[in-house]
Amino acid sequence: MTIRAIALDDEPLALEVIKTFCSRIDYLDLKHCFTTPTEAMNYLKDNQVDLLFLDINMPGMNGLDFLKAAGSNAMVIFTTAYSEYAVEGFNVKALDYLLKPFKFSRFEQAVEKAKEQMNYMNIADPSAQYLYIRADYSTQKIFINDILFIEGMDNYIKLHFDDKRPLLVRMSMKAIAEKLPEPAFVRVHRSYIVPVNKITAVKNKIVYIGTNEIPVGMNYQEHFNEVFNSK
């Protein structure tokens, strides 16, 4: 598997760092680097890209505006010197947010997320996707297609299934969300993540999965509607 990437940053030295780091990862193919949003936008019109390394604070058009205007389906890793943009970065479903100056180990960690996401996307049969979960004093193989929904419970999550008892796992909702393929799974509430293809009805801010009624939280409603209505 090769991940095709481009980088956009108005600072040439920042692009040199990204070039150097990309050259150390064999499955990462950095196609081009750009210093202006217009150049990058024109490239995306005619070329398929899997991953964008994107600065946020740039003159003329910032990275967030660029992402909206480009309409690209590529994965995004933001690179910036300004930590105040972190929340906005994750709100647009960025894979990661690298705060300059970042080390290679941190860069590699972010790129690994892109690799995992690509692996999920490249599996044709969803029922073949699986996770290894540590629970009940053992490591268990969980097929993603078997998950009915996920419930958060303080420092634990509960995996609910169709045909077997729930599995209690010491893991955060954020941690399990990062392991699940998007947009196949969507967080609808601070305490619930659901697989979109298992939803049987939606009514009055309630998601129905079989006989289970799951509330849609106010902070998650807009994103849930976008994902659900696109299906």
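No value in this document is a laboratory result; all are computed from the given coordinates. In this text the structure is predicted, and so the values were computed from the model without any measurement. Backbone-built Cβ (ideal geometry, glycine too); neighbour counts: all protein chains shown.
Ordered by packing density, taken as the mean number of other Cβ atoms within 10 Å over each peptide's residues, highest first, how do 18-28, 63-73, 201-211 rank?
Details: 18-28: 14.5, 63-73: 16.4, 201-211: 12.7.
Taking the mean over residues of other Cβ atoms within 10 Å, the ranking is 63-73, 18-28, 201-211.
Do you know the relative contact order of the stretch 127-229, to the nearest whole percent, from alpha carbon pairs under 8 angstrom that are 6+ apart?
On the way: 168 pairs, mean separation 18.5, N = 103.
Across the stretch 127-229, relative contact order equals 18 percent.
Quick one: Karplus J couplings for the stretch 53-70, per residue in order, coefficients 6.51, -1.76, 1.60, θ = phi - 60°, nearest Hz, x for Gly and Pro?
Working through the residues one at a time gives 9, 10, 6, 9, 8, 10, x, x, 9, 7, x, 5, 5, 4, 4, 5, 6, 5 Hz.
How far, in degrees from 0 to 90, does helix 37-46 lean away from the longest principal axis of the Cα atoms of the chain, to the nearest 10?
Here the helix axis deviates by roughly 60 degrees.
Tell me, what ³J(HN,Hα) does each residue in the stretch 110-118 have, in order and in whole Hz, if you take phi through Karplus 6.51 cos²θ - 1.76 cosθ + 1.60 with θ = phi - 60° and put x for Gly and Pro?
Using θ = phi - 60°, the values come out as 5, 5, 4, 5, 5, 4, 4, 4, 4 Hz.
Skipping prolines and chain starts, which residues have an amide H placed within reach, meaning under 5 Å, of the one on N57, given they are 5 or more residues away or on another chain?
G63, A81
Once phi is turned into θ = phi - 60°, what whole-Hz ³J(HN,Hα) does the Karplus curve with 6.51, -1.76 and 1.60 give for every residue of the stretch 190-198, x standing for Gly and Pro?
Taking θ as phi minus 60°, the curve returns 4, 10, 9, 10, 10, x, 4, 6, 9 Hz for the stretch 190-198.
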